[in-house]
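Scroll down for the structure; my scribbles are underneath it.
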Amino acid sequence: MGKKVNQFDEIYSHLQEILAGMKYGSITLVVQDGVVVQIEKNEKLRIK
């Protein structure tokens, strides 16, 4: 279980970083065999 906890901490850290610098958009987690293998960020630029 230690490996999964470490993975969760790493993913959480990456997500915090992405969210801190993002105003609009989406984040997709790609999962394979129950493990997150990729994080995709799709950022939008809103022009007022």
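The values are calculated or read from the model by the stated rules, or taken from the named source; none is laboratory data. Keep in mind it's a predicted model, so treat the numbers as computed, not measured. Cβ sites come from the backbone with ideal geometry, for glycine too, and all protein chains shown count toward neighbours.
So that you can scan it fast, the table gives a plain yes or no per residue for (1) out of contact with any strand residue (DSSP E or B) (no Cβ under 9 Å at 6 or more places or on another chain); (2) among the β-branched types (Val, Ile, Thr); (3) surrounded by 11 or more Cβ atoms within 10 Å (Cβ to Cβ):
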site	(1), (2), (3)
Val5	yes, yes, no
Leu19	no, no, yes
Tyr24	no, no, no
Thr28	no, yes, no
Ile39	no, yes, yes
Glu43	no, no, yes
* Enumerate the pairs (first residue in region 5-32 and more than 30 Å from Ile47 (Cβ to Cβ) and of a type in the set (D, E, K, R); second residue anywhere and surrounded by 10 or more Cβ atoms within 10 Å (Cβ to Cβ) and at pLDDT 95 or above) with beta-carbon separation below 6 Å, excluding pairs fewer than 6 apart on the same chain, so at least 6 apart or on different chains. => none
* Structure fact -> Scanning region 16-42 for residues that are closer than 17 Å to Val5 by Cα and part of a loop (DSSP other than H, G, I, E, B), the one modelled with the lowest pLDDT turns out to be Gly34
